[in-house]
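The structure appears right after this line, and notes come after that.
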Amino acid sequence: MIRSDIIRGHLESIILRLIYENDQYGYEISKQISLRTENRYQIKEATLYAVFQRLEKKGLIESYYGNMSHGGKRKYYRITTLGKAYLKETVKEWRETKEIIDLFMEGLD
Amino acid sequence: MKKIKNHVDELFKDTPNSEEKETIKQEIYQNLEEKVYDLMAQGKEEEDAINKAIVEFGNIDEIKSELGVYNIDKDVRRIEKAKIDLNFSIWGSILIIALMIFVNMYYSPSTIWFVYPTFAILWWPLIMFYRWRKLK
């Protein structure tokens, strides 16, 4: 499996992106991440909730209670306007970071 | 599902109670349950599904530190301790200095020597004061 500490630093953006596409609840996000990475990266639930807390404290996402499932209320998250702006910034930042790292990582065998 | 509820309770048993804690416990429980149902839908036995969900959950410390209760609590306690040390050092040095003054005045009132040990002793509360200030 991929070294998770590098991905870890970008988890906020990854989760923000998923919430940006659709309002999401916890398990759906972890499932989406495994699905899209074809199981090359799996997020630990504990990490996921820590990130939720952080994002919510920063005002980048907000939560609401949605429909019942198996008799419980699901807690959904949606992105805020601030969150969208933040995501846009991170994307820009990531492109630049990638270019810089690529300068040193490309061209070797 | 009782096993999952117990597990979540167990995870959070050291965290001080708060509304935030209850909400997040509820959320985790809800989502773990969802995962178990999903795994069962994929053909796993209930027992297996529950175990898998619990194992894959990961380390709780992250959430705890995100709830922020732990570190603050520890710091407050350390400051309290430093304060007690400071108080003790002040009272202790006052008593010793008072004794020195008394002995000085009673036995050798013609020479004032109590100043020397006084300066030496004052280092004690001084150190404690700065230690307390550093933590604060």
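The values are calculated or read from the model by the stated rules, or taken from the named source; none is laboratory data. The model shown is predicted, which means the values in this text are computed figures rather than measured ones. Cβ atoms come from the backbone with ideal geometry, glycine included; neighbour counts cover every protein chain shown. Just the protein is used for accessible areas: all its heavy atoms, side chains included, with ligands, DNA and RNA removed. Shrake-Rupley method; radii C 1.70, N 1.55, O 1.52, S 1.80 Å.
Percent of accessible area on chain A owned by carbon and sulfur, 1.4 Å probe?
52
Anything losing 30 Å² or more of accessible area from the isolated chain to the full protein assembly: pick those residues out of the stretch A:32-48, probe 1.4 Å, ligands and DNA/RNA ignored.
A:Lys44, A:Glu45, A:Ala46
As a test of reading the structure, rank B:Phe114, B:Phe88, B:Phe57 by solvent-accessible area (1.4 Å probe, protein chains only), most first.
In descending accessible area the options line up as B:Phe88, B:Phe114, B:Phe57.
Working with all protein chains in place, sort A:Arg74, A:Arg95, A:Arg54, A:Arg36 by solvent-accessible area computed with a 1.4 Å probe, largest first.
Ranking A:Arg74, A:Arg95, A:Arg54, A:Arg36 by accessible area, largest first, yields A:Arg95, A:Arg36, A:Arg54, A:Arg74.
Based on Cβ point charges of +1 for Lys and Arg and -1 for Asp and Glu, what charge dipole magnitude is obtained for the protein assembly as shown about its Cα centre, in debye rounded to the nearest 20?
With only Lys, Arg, Asp and Glu charged at Cβ, the dipole is about 940 debye.
Provide the buried accessible surface between chains B and A in square angstrom, both chains summed, 1.4 Å probe, rounded to the nearest 100.
2000
For helix B:2-11, what angle does its Cα long axis make with the longest principal axis of chain B, in degrees from 0 to 90 and rounded to 10?
Taking Cα atoms only, the helix is inclined about 20 degrees.
Can you tell me the accessible area per residue over the stretch A:13-82, all protein chains present, probe 1.4 angstrom, in square angstrom?
50
Pull up all non-local amide H partners of A:Gln24: gap of 5 or more, or a different chain, and H-to-H distance under 5 Å with H placed in the peptide plane.
Residues meeting the amide H criterion: A:Tyr77.
Under the rule of -39500 (n - 2.57) per DSSP H run of 4 or more residues, summed and divided by the residues of the protein assembly as shown, what mean residue ellipticity at 222 nm is obtained, to the nearest 500 deg cm²/dmol?
Computed mean residue ellipticity for the protein assembly as shown: -23500 deg cm²/dmol.
Could you give the Stokes-Einstein D for the protein assembly as shown in µm² per second, using the C-alpha Kirkwood radius, 4 °C, 1.567 mPa s?
So the translational diffusion coefficient is about 57 µm²/s.
How much of B:Val103 can a 1.4 Å solvent probe reach, expressed as accessible area in Å² and rounded to 10?
Near enough 50 Å² of accessible area.
Can you give the convex hull volume of the alpha carbon atoms of chain A per residue, in Å³?
Considering the Cα atoms of chain A, their hull volume per residue is 119 Å³.
Using the heavy atoms of the protein chains alone and a 1.4 angstrom probe, what is the accessible area of chain B per residue in square angstrom?
For chain B, the per-residue accessible area is 67 Å².
For chain B, which whole-number percentage of the solvent-accessible area (1.4 Å probe, protein heavy atoms only) is attributable to carbon and sulfur atoms?
61
If you place +1 on the Cβ of every Lys and Arg and -1 on the Cβ of every Asp and Glu, how big does the dipole about the Cα centre of chain A come out, in debye to the nearest 20?
Around 540 debye, computed over chain A.
For B:Ile94, B:Ile4, what's the largest-to-smallest order of accessible area, 1.4 Å probe?
Ranked from most to least accessible, the order is B:Ile94, B:Ile4.
From the alpha carbon gyration tensor of chain B, can you work out the equivalent ellipsoid semi-axes (sqrt of 5 times each eigenvalue) and give them in Å, largest to smallest?
Taking √(5λ) for each eigenvalue gives 64, 11, 10 Å, largest first.
Expressed as an acute angle from 0 to 90° and rounded to the nearest 10, what is the orientation of the C-alpha long axis of helix A:11-21 relative to the principal long axis of chain A?
Its long axis makes an angle of about 60 degrees.
Looking at B:Gln42, B:Trp124, B:Thr23, which one has the Cα that reaches farthest to the positive end of the dipole of the protein assembly as shown (charges on Cβ: Lys, Arg +1; Asp, Glu -1)?
Value computed over the given set: B:Trp124.
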